[in-house]
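The values are calculated or read from the model by the stated rules, or taken from the named source; none is laboratory data. Remember, predicted model here, so these are calculated numbers, not experimental data. Cβ: placed from backbone, ideal geometry, glycine included. Neighbour counts: every protein chain shown.
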Amino acid sequence: MNVKLRRVLLVVLLVGGFWYVTTHLPVVWGHWLPMHASGSGSPLQLTEAQAAPTYDAEEQNNIAVYKRVVPSVVNITSKSLVYNFFFEPVPQQGQGSGFILDKAGHVLTNYHVVEGANRGIEVMLSNKRRYKAKVVGTDRTHDLALLQIDAPNLEPVTLADSGGLSVGQKVYAIGNPFGLSGTMTRGIISSIRSIKNADDAPIEDAIQTDAAINPGNSGGPLLNSRGEVIGINTMIASNGAEQSSGIGFAIPINTAKAVLADLTRYGRVKRPLLGIDSYAIGPDLAEQMGLAVDSGILVQKVIPGGAAERAGLHGGNQQAYVGNTLILLGGDLIVALDGKPVTDPQDINVIMEKHQAGDAISVTFYRGRKRITLKLIAGEAQE
């Protein structure tokens with residue numbers, strides 16, 4: 001009996017030991033380890049914040065600007081019908097951004113956002129409500145379009161003065177890049193420079209920024225640190241990638257202010273025009289031609305019935321070549337507009353941008369050796 005009892009006890013010990021090992025000790029790479037070595041038996045302990053997060057001054061300003069302006073930024077969808085190679089109708093849809101100017105529902109955006117929208121334009125507010133929009137007027141040269149919607153409780157933006165901007169100044173862009181509505185990015189003003197739009201027309205004092213601007217941002221506001229609009233985001237230098245490369249451009253809001261009155265009154269911009277065909281003269285050419293001064297704008301032709309002809313300016317009458325370029329000599333040499341020196345046709349554009357058709361403009365020019373100043377009434381350029 002003692003031998004049998006010992007055998008039973010031995011079996012019980014072996015079975016109990018096997019049960020304990022298999023249920024209480026994990027196997028790691030073929031070795032039995034104590035349970036506490038794996039850590040799986042310890043409770044998970046997390047460290048959590050004891051209070052709501054606090055924001056520094058810069059974060060607080062970012063949040064304040066966004067909350068203040070995002071209700072004024074809209075998503076614009078333009079619909080058009082085009083024909084393919086087989087003359088089959090193909091519907092197309094484009095998207096961009098814009099912002100509310102007043103309680104009456106005027107919305108400012110880019111011309112290229114609504115260009116060719118022959119099937120209608122739809123504006124979606126930040127509250128996701130959609131409204132049909134009508135085109136009040138467009139300015140293709142400056143890539144601007146004024147729309148209007150009929151909607152209640154609109155929140156207009158505040159427009160700043162873009163004349164005193166500085167490189168290095170903090171800016172924000174709010175819009176709908178790639179259709180992602182209500183997106184804000186930030187950066188600085190990288191430069192203030194003249195650029196040309198898709199039609200090769202100049203846009204003076206354009207705002208260059210490194211704030212991320214992508215397709216869909218077009219027409220949205222560029223803001224200063226107070227949330228005031230300083231520009232309209234219009235284009236990016238993407239080197240063919242069609243996405244932000246850190247070089248974006250905005251039309252200065254002062255340029256838009258100058259044309260909004262015409263757009264609301266006439267549906268178009270009554271752009272001022274001198275009515276001349278001109279050629280820039282530098283020191284070397286002026287010396288060869290024996291001119292009275294070493295730089296200016298040579299009037300080659302005056303447009304019949306234009307402002308310059310009505311004021312009595314003279315064009316050239318002698319053919320000459322500068323390289324392979326044919327020019328006409330003998331015309332008046334303009335040296336100043338509004339008392340400001342001009343040495344390039346671009347200088348004339350900058351000064352004329354500050355006027356409207358019908359304004360009286362002072363023109364100073366040389367006719368031979370005689371210096372003359374007179375007033376002319378700016379004509380109206382046609383698109």
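Results, tabulated for the structure shown:
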| read-out | value |
| --- | --- |
| Filter pass, Q319 being farther than 14 Å from S278 by Cβ and without any contact (Cβ under 8 Å) to a residue 60 or more places away in the chain | yes |
| Positions within the stretch 122-152 being surrounded by fewer than 16 Cβ atoms within 10 Å (Cβ to Cβ) and either under 30 Å from E58 (Cα atoms) or under 17 Å from the mean Cα position of the chain (by Cα) (or both), in sequence order | N127, K128 |
| Residues of the stretch 302-326 satisfying the condition of being in contact with a strand residue (DSSP E or B) (Cβ under 6 Å, 6 or more places away or on another chain) and either under 18 Å from K370 (Cβ atoms) or surrounded by 18 or more Cβ atoms within 10 Å (Cβ to Cβ) (or both) | V302, G306, A307, A308, E309, A311, L313, G315, G316 |
| Residues located in the stretch 132-157, provided they are within 23 Å of Y66 (Cα to Cα) and of a type outside the set (A, V, I, L, M, F, W, C) | P152, N153, E155, P156 |
| Qualifying residue in the stretch 134-145 (condition: over 30 Å from Q356 (Cα atoms) and part of a loop (DSSP other than H, G, I, E, B)) | no |
| Check on N118, at pLDDT 65 or above, touching a Lys or Arg at 6+ places or on another chain (Cβ under 9 Å) and part of a loop (DSSP other than H, G, I, E, B) | yes |
| Residue among I207, I203, I174, I189 that alone is under 23 Å from G246 (Cα atoms), in contact (Cβ under 8 Å) with a residue 24 or more places away in the chain, out of contact with any helix residue (DSSP H, G or I) (no Cβ under 8 Å at 6 or more places or on another chain) and in a strand (DSSP E or B) | I189 |
| So L376, is it in contact with a Lys or Arg (Cβ under 9 Å, 6 or more places away or on another chain) and either at pLDDT 85 or above or closer than 27 Å to D205 by Cα (or both) | yes |
